[in-house]
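Undergrad: Have a look at this one before I ask anything.
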Amino acid sequence: MEEIRYDSEELKRLCTDARFARGRIGVPGAKKLTLRLAQLEAAPTLGELPNAGRPHALERDLAGFFAVALDGGRRLIFKPLDPAPLNGRGEIEWQRVSRIIITAIKDYHRG
């Protein structure tokens, strides 16, 4: 990615401080988080993100966001930092997104 930002200082610390992450989300979650962040940093755009972690666009109340799997049901959730480039059908062109903001780490499948 050209740029990765964080929605809050606590989220930034969770993503950049391995010891803090281990304490908050456990060893398996922290290891997956480190791996996913390295994959995001290495990919020039979201469209070139490796298939590991099952990257996918979200729907309904999370439309416009993207997620990758961490451990269990937990996901790393982010969105384009700039207004998202859209195709003719109004869908985000993920292959043109190179700047993101990480907004959450959570299991959005749970109520």
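Undergrad: Tabulate in residue order the Karplus-calculated ³J(HN,Hα) for the stretch 2-18, using 6.51 cos²θ - 1.76 cosθ + 1.60 with θ = phi - 60°, rounded to whole Hz; enter x for Gly and Pro.
TA: Once θ is set to phi - 60°, the couplings for the stretch 2-18 become 5, 7, 10, 10, 10, 6, 8, 5, 5, 5, 4, 5, 4, 7, 10, 10, 4 Hz.
Undergrad: Do any trypsin sites (Lys or Arg not before Pro) in the stretch 1-102 lie in a loop, going by DSSP, with at most 15 other beta-carbon atoms within 10 Å of their beta carbon, and if so which? Please report the intermediate quantities before stating the final value.
TA: Values: sites: 5, 12, 13, 19, 22, 24, 31, 32, 36, 60, 74, 75, 89, 96, 99; in loops: 74, 89.
Those satisfying the criteria are 89.
Undergrad: To continue, here is another question. In debye, nearest 20, what is the charge dipole magnitude of the chain about its Cα centre with +1 on Lys and Arg Cβ and -1 on Asp and Glu Cβ, if you could check? Don't skip to the answer; put the middle values down first.
TA: Working: 19 positive and 15 negative charges, 102 e Å.
With Lys and Arg at +1 and Asp and Glu at -1, about 500 debye.
Undergrad: If you don't mind, another one. Testing the spin-label approximation: label points 7 Å from Cα along Cα→Cβ at residue 12 and residue 62. State their distance in nm.
TA: Each label point is offset 7 Å from its Cα along the Cβ direction, giving 2.4 nm.
Undergrad: Apply the Karplus curve 6.51 cos²θ - 1.76 cosθ + 1.60, θ = phi - 60°, to the phi angles in the stretch 74-83 and return the couplings in whole Hz, x for Gly and Pro.
TA: Per residue, the Karplus-derived 3J(HN,Hα) values read 6, 10, 8, 10, 8, 9, x, 6, 8, x Hz.
Undergrad: I've got another one for you. Residues of the stretch 88-102 with backbone nitrogen within less than 16 Å of a virtual label 7 Å along the Cα-to-Cβ line of residue 5, please, listed as ranges.
TA: 97-102
Undergrad: Next question, about the same structure. List the pair-distance distribution P(r) of the stretch 3-106, using every Cα-Cα distance, as the percent of pairs falling in each 10 Å bin from 0 up to the bin containing the longest distance, rounded to whole percents.
TA: 15, 51, 29, 5, 0
Undergrad: Going 7 Å from the Cα of residue 82 along its beta-carbon direction, which residues of the stretch 6-21 have the amide nitrogen within less than 19 Å of the resulting point?
TA: 6, by backbone N distance to the label point.
Quick note: the coordinates plus some simple rules give every number you see, no bench work behind them. Everything quoted here is computed from the prediction, not taken from an experiment. A quick note on method: Cβ atoms are made from the backbone with ideal geometry, for glycine too, and the neighbour counts reach across all protein chains shown.
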